[in-house]
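J.: Structure provided below as structure tokens; questions to follow.
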Amino acid sequence: MLWSVMLRVELLRVLCCAAIILVQGAAIAQASGATEFPAMGRDYDAAVVCSGFGGISLGSTAMANMTAVAHRYGAADLAFLVVPLVCAFFIDLVNALLIPYFIANF
């Protein structure tokens, strides 16, 4: 009886995680396709930048996603220069502002 309940709870947990990942993936794909890709110029470098954005947004590394795209379709030097610098800068900037705020207020 206990194993049956534990199995159901674990199955529910897995289904909830899968639903969250699917919703996140759909939101990131929508954001990349509707705003980022056109803003970056609708070319190959923009597609590689969008893959890096998807990696950062979903908790993976941008470099892994961009490398996978580049190995399949060819090099994108501008994207490999811009994305790591921008991501590192914004992550450091946001952390510098948010960490003291949360320490002081929570």
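J.: Report whether or not residue 18 is surrounded by 12 or more Cβ atoms within 10 Å (Cβ to Cβ), within 20 Å of the chain's Cα centre (by Cα) and part of a helix (DSSP H, G or I).
T.: On the way: surrounded by 12 or more Cβ atoms within 10 Å (Cβ to Cβ): no; within 20 Å of the chain's Cα centre (by Cα): yes; part of a helix (DSSP H, G or I): yes.
For residue 18, the condition - surrounded by 12 or more Cβ atoms within 10 Å (Cβ to Cβ), within 20 Å of the chain's Cα centre (by Cα) and part of a helix (DSSP H, G or I) - is not met.
J.: Let me spell it out: the conditions are (1) surrounded by fewer than 16 Cβ atoms within 10 Å (Cβ to Cβ); (2) closer than 14 Å to residue 83 by Cβ; (3) at pLDDT below 90, and residue 68 meets all of them except one. Which number is the exception?
T.: The number of the failed condition is (3).
J.: Right, next: Could you please give the count of residues in segment 46-98 that are among the β-branched types (Val, Ile, Thr), over 15 Å from the mean Cα position of the chain (by Cα) and over 20 Å from residue 31 (Cα atoms)?
T.: Of the residues in segment 46-98, 1 are among the β-branched types (Val, Ile, Thr), over 15 Å from the mean Cα position of the chain (by Cα) and over 20 Å from residue 31 (Cα atoms).
The values are calculated or read from the model by the stated rules, or taken from the named source; none is laboratory data. None of the values given here were measured: they were computed from a predicted structure. Positions of Cβ are generated from backbone atoms using ideal geometry, with glycine treated the same way; all protein chains shown enter the neighbour counts.
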